[in-house]
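Notes follow the structure.
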Amino acid sequence: MKPCSPATSNSSPASDSPEHYLRFHLPHVHLRSVFGDDWFSLRAEAFARFFGTPVFLVTQTVVVAIWIGLNVSGYTKFDVYPFILLNLAFSLQAAYAAPLILLAQTRQADRDKAHAEADAQHREALALAAEQRQTLAARETEQLRELLQQNTQLTEIVKELSQRIATLTFELHDKVVGGSRPNA
């Protein structure tokens, strides 16, 4: 069974044909992003995913170092020690980041669960197909055994008939050749 892409398949993507290798994932297509599918929702999920990347951590560390460096060195005094404004910025970031990250994790868990269910259905279908193939192979083996037995019986019948033909041929030959000989 050769997998085919939905673009080359003559059947619709929703069909249950064996050629459509994503057919077990189709019941889960309705799962959408927790944030929705509009522009803002997609940006919000992307932002939530960005929080755990090394780029975010390095960028935030550089910004905080520059912030503290500028205020400690005396170059500027917009947020002097104990850095209340920086603390407020971290609190604001945490207030938005935590729910976004939790929502992204929840959505990913839903996706993982849906894919695990689809994979389990696929494994069950494979097991059922293997069982059907095994049953078919056993039935065909039994048919072959029966055919072999019939072939053996036919071969024995042919042997018996050949022996009878040979016997009759010799008898006929003796009668034809023996009956035409002159009496001595």
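Is it true that some residue in the stretch 169-184 is assigned to a helix (DSSP H, G or I), more than 30 Å from Glu45 (Cβ to Cβ) and polar (S, T, N, Q)?
Among the residues of the stretch 169-184, at least one is assigned to a helix (DSSP H, G or I), more than 30 Å from Glu45 (Cβ to Cβ) and polar (S, T, N, Q), which makes the answer yes.
I need the full set of residues from the stretch 91-115 which are surrounded by 12 or more Cβ atoms within 10 Å (Cβ to Cβ) and either in contact (Cβ under 8 Å) with a residue 40 or more places away in the chain or among the acidic types (Asp, Glu) (or both), in order please.
Within the stretch 91-115, Ala97, Leu100, Ile101, Leu103, Ala104, Arg107, Asp110, Arg111, Ala114, His115 qualify.
Given Gln143, Gln150, Gln121, Gln132, which one is surrounded by 12 or more Cβ atoms within 10 Å (Cβ to Cβ) and of a type outside the set (Lys, Arg)?
Gln121
Cβ-Cβ below 9 Å, separation at least six or inter-chain, first residue in the stretch 119-139 and touching a residue at least 60 places away in the same chain (Cβ under 8 Å), second assigned to a helix (DSSP H, G or I): which pairs?
Listed pairs, sorted by first residue: Gln121/Pro27.
Quick grid of which residues meet (1) surrounded by fewer than 14 Cβ atoms within 10 Å (Cβ to Cβ); (2) modelled with pLDDT of 90 or more; (3) part of a loop (DSSP other than H, G, I, E, B):
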| position | (1), (2), (3) |
| --- | --- |
| Ile68 | no, yes, no |
| Tyr75 | yes, no, yes |
| Tyr81 | yes, no, yes |
| Ala89 | no, yes, no |
| Glu117 | no, no, no |
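The values are calculated or read from the model by the stated rules, or taken from the named source; none is laboratory data. Computed from a predicted structure; not experimentally measured. Every residue, glycine as well, gets a Cβ built from its backbone with ideal geometry; the counts of neighbours run over all protein chains shown.
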